Each structure stands twice: as C-alpha cells, then as structure tokens.
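Throughout, read-outs are computed from the coordinates displayed, never taken from laboratory work. Small disclaimer: the values here were computed from a predicted structure and weren't measured. Cβ sites come from the backbone with ideal geometry, for glycine too, and all protein chains shown count toward neighbours.
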Amino acid sequence: MEIDISAYHPSLAAHLINYKFPTSDIHAHFASLYNVDYKKSKELTFKQLYGGVFENYKKLEFFQRIEKYVGENWSKFQSDGFIECPVSGFRYEKEKLDNMNPQKLFNYILQNLETSVNVLVLWDMFRILRGCKTKLVLYTYDSFTFDVDDEEIEVLNSIREIFKKYKLNIKEETGYDYNFRG
C-alpha cells in the first residue's frame, strides 16, 4: 500500500498562515480559482509558493496571507537577525546565510517544516508498527509505502489517523507489487 500526502507544501503553507481550504482537494480548488486544469493548477501553485505570488493572483486570500507571512518573517529576520522555525525550533541566522531574500527565507522555513512534520509522522508510524509484521518499506518526501501483512489490515486505520492528526489529506493506492495496482 502506498499513501501519498496530497498537496503537501500548500497544506504546510496553510498551517503557517492559519488558512483552511474549503475542500480536501487543494489543487482542484486552485484550478477553479485560476480557471485552469488540474495539472496547470499544481504548476501555478508551486511556482508562486517558491517564486513569489503572481500579480493576477494577489487578490486570492491564500496568497494574500502568504505574502503577509513572508513580509512579516522577513522584517523579523532583518530586525532580530534570525528566524526560528515552527516545530523544529531551528534558527536561520542572518550572519550565516548568503544572498538571502524574503521568498528564499520562506522556502527555507517551508522545507524545514516539511522535514519536521515528516519526522513526527514517521515517529508515530514506527510506534504503531513496532512488533507488527506490516512494515514501512519506502519513504520519499510525501509518500509512504508499506508491505502490509494480510492479518494486520486494521493497522492501516491507525496509520491513516496519523495523517488526520497532522491535518494532512492523503491518497492511497494498493496492489500486489509496483507493477500491479488494483
């Protein structure tokens, strides 16, 4: 079984800015706001999260909040000489970083949050899977692949609860192996 976190970085950014999406399919939501297809929506969202908000989308509440967050963090970074990341408590210090700018600092914070949340998710998974025949066999960024023992199907409900705990939407795929899905 494979569990993928849906729209992970937009979800994490939403946590940072205290924004709640009106639907669990974040990219579909943005597609309707941008008036583009799903694939183009993902592309536009990631370009704006990592490169700055495009002029024609600055009116969207999500991106208004992102810009405010970026600006406030930059001001704090400039005045205090550091910014402390949520969850990890890691500090990005001005004197140790070259060529820093507001958007780059936001990217650092978002990447740090991703890693921190992944550590929490993995820790919770390992606690659940301790002593089980079901194993986490592969983890890559926003995807977790399990070798599930047929007698331990119920353990998957506990795994799903971890993602709910961290307010992350997931998609699942099951199959006998990587070549056969069904």
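By its C-alpha gyration tensor, with a ≥ b ≥ c as the square roots of the eigenvalues, how is the chain shaped: rounded for a/c under 1.5, else prolate for a/b larger than b/c, else oblate?
Here the chain falls in the oblate category.
Does the range 13-66 classify as rounded, prolate or oblate by the C-alpha gyration tensor (a ≥ b ≥ c root eigenvalues; a/c under 1.5 gives rounded; else a/b over b/c gives prolate, otherwise oblate)?
It comes out oblate by the Cα gyration axes.
At 7 Å along the Cα-to-beta-carbon direction for both residue 64 and residue 140, put a label point, then send me their distance in nm to one decimal.
In this crude label model, residue 64 to residue 140 measures out at 3.9 nm.
Note the full-extension length gain between residue 107 and residue 177 as 0.36 nm times their separation in residues minus their Cα-Cα distance, in nm to one decimal.
Additional length available on full extension: 21.7 nm.
For residue 90 and residue 43, FRET efficiency with R0 = 35 Å and r from the beta-carbon atoms, rounded to 0.05?
The calculated FRET efficiency here is 0.75.
Relative contact order for the range 46-182 using alpha-carbon pairs under 8 Å, separation at least 6, rounded to a whole percent?
Computed over the range 46-182, the figure is 14 percent.
Add -39500 (n - 2.57) for each DSSP H run of 4 or more in the chain, then divide by its residues: what number comes out at 222 nm, to the nearest 500 deg cm²/dmol?
-16500 deg cm²/dmol
When Lys and Arg each count +1 and Asp and Glu each count -1, what net charge do the other residues less than 15 Å away from residue 159, Cβ to Cβ, add up to?
-3
Please tell me which of these pairs span more than 30 angstrom C-alpha to C-alpha: 20/76; 94/171; 42/165; 135/164; 42/133?
Long pairs (Cα-Cα over 30 Å): 94/171; 42/133.
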